[in-house]
Amino acid sequence: MIRELPILDELLERHAAVLGSNRRAYTNHVYRMVNFCAELVGDDPETLQMIGIAGAFHDIGVFADGTFDYLAPSCTRALAYLDEAGRSQWREEVGAMVYWHHKITPVTKAMGPLVEAFRKADWIDVLHGAVTCGIPRSRISEIFKAYPNAGFHWLLVKLSAKRMLTHPWNPMPILRW
């Protein structure tokens, strides 16, 4: 079980102010995703670095940009960080991980297995293990026990309901086919 990932912890700390009272919920969501993703593709150090960076930024636009249409702003922030950190060689893959993580259907094989694993990891978490993508249910339960929900799913319900009321003709701009 991955219990600490320094790059992820550093990035979450950088965003502590914008996450505010949602920090624990978001942190636990991201750590669950990191663990699910590692279960799907492995946990070599470079892969974990990319997962950690994508995880930190994948939903950050909700908080930092105050929007439920947050994929593009989250991606922009991730790419800026990669440039700042001297990791521009990861722009394409990390950018795709962030931008396509809400895709309902599988990503194209050309995007690579890490992008698809990240997408699956988010769906496993958002659907609270209703889909397993091949990860044993006992392992999913173990990860949820280590990183409790802490209100994350309730936050999603509240954000979705607010969006439906304010944009009834475009309630879920974050979903991709």
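With the Cα gyration tensor of the chain giving a ≥ b ≥ c as the square roots of its eigenvalues, does the rule (a/c under 1.5 for rounded; else a/b larger than b/c for prolate; else oblate) give rounded, prolate or oblate?
Numbers: a/c = 1.24, a/b = 1.11, b/c = 1.12.
Rounded shape, in that the Cα axes give a/c under 1.5.
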Karplus-derived 3J(HN,Hα) from phi for region 149-158 (6.51 cos²θ - 1.76 cosθ + 1.60, θ = phi - 60°), whole Hz, x at Gly and Pro, runs 3, 6, x, 4, 5, 5, 4, 4, 4, 5
Measure out, as a whole number of angstrom, how far apart the alpha-carbon centroids of region 83-161 and region 13-62 sit.
-> 9
Within region 90-177, how many lysine pairs that are 8 or more places apart, or on different chains, have C-alpha atoms less than 25 Å apart?
-> 7
Starting from the Cα-Cα distance between GLU13 and LYS145, subtract it from 0.36 nm times their residue separation and give me the gain in nm to one decimal.
-> 45.2 nm
Stretch MET1-LEU165 to full length: gain in nm at 0.36 nm per residue minus the Cα-Cα span?
-> 55.1 nm
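Just so you know, all these numbers are worked out from the coordinates, no wet-lab data involved. Predicted model, so just to flag it, every value in this text is computed and none were measured.
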